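Here the structure is laid out as structure tokens; the discussion comes afterwards.
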Amino acid sequence: METCYFCRKGILENKKVTVDFRWGDKLFVIEEVPAKVCNECGEKYYSAEVSRAMEKIAIEGKKEKVIEVPLARLPETPSTVA
């Protein structure tokens, strides 16, 4: 039983997840990615092999389909500036 390094109290569970993977100025959505996921905070951990496989997909530009992703920008207001 592995505990989460991030929150220190959750247990890591093996799951398949969807990852928003950014490479340069490109965004890839990769499905069915094996990960260990914290059952408390949701932090995800990927093996080195899985990370390399996601990088390879991005570098080669592999895709099964193209989806439309809406983009919005939060206007800067005095309450949002630190």
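None of the figures in this text is laboratory data; all of them are computed from the coordinates on show. This is a predicted model, so every value here is computed, not measured. Virtual Cβ from ideal backbone geometry, glycine too; neighbours counted across all protein chains shown.
Things worth noting here:
- Within the range 11-67, being hydrophobic (A, V, I, L, M, F, W, C) and in contact with a Pro (Cβ under 7 Å, 6 or more places away or on another chain) holds for one residue alone: VAL50.
- Residues of the range 19-46 classified as surrounded by 11 or more Cβ atoms within 10 Å (Cβ to Cβ) and not in a loop (DSSP other than H, G, I, E, B), total: 15
- Residues located in the range 47-80, provided they are hydroxyl-bearing (Ser, Thr, Tyr) and either assigned to a helix (DSSP H, G or I) or in contact with a Cys (Cβ under 8 Å, 6 or more places away or on another chain) (or both): SER51
- Within the range 53-75, residues that are without any contact (Cβ under 8 Å) to a residue 24 or more places away in the chain reach partners that are among the hydroxyl-bearing types (Ser, Thr, Tyr) and surrounded by fewer than 10 Cβ atoms within 10 Å (Cβ to Cβ) with beta carbons closer than 7 Å, at six or more positions or on different chains, in the pairs LEU74/THR80.
- Any hit, the range 2-13, residues being free of Cβ contacts under 8 Å to residues at least 60 places away in the same chain and loosely packed, with under 10 Cβ neighbours inside 10 Å: no
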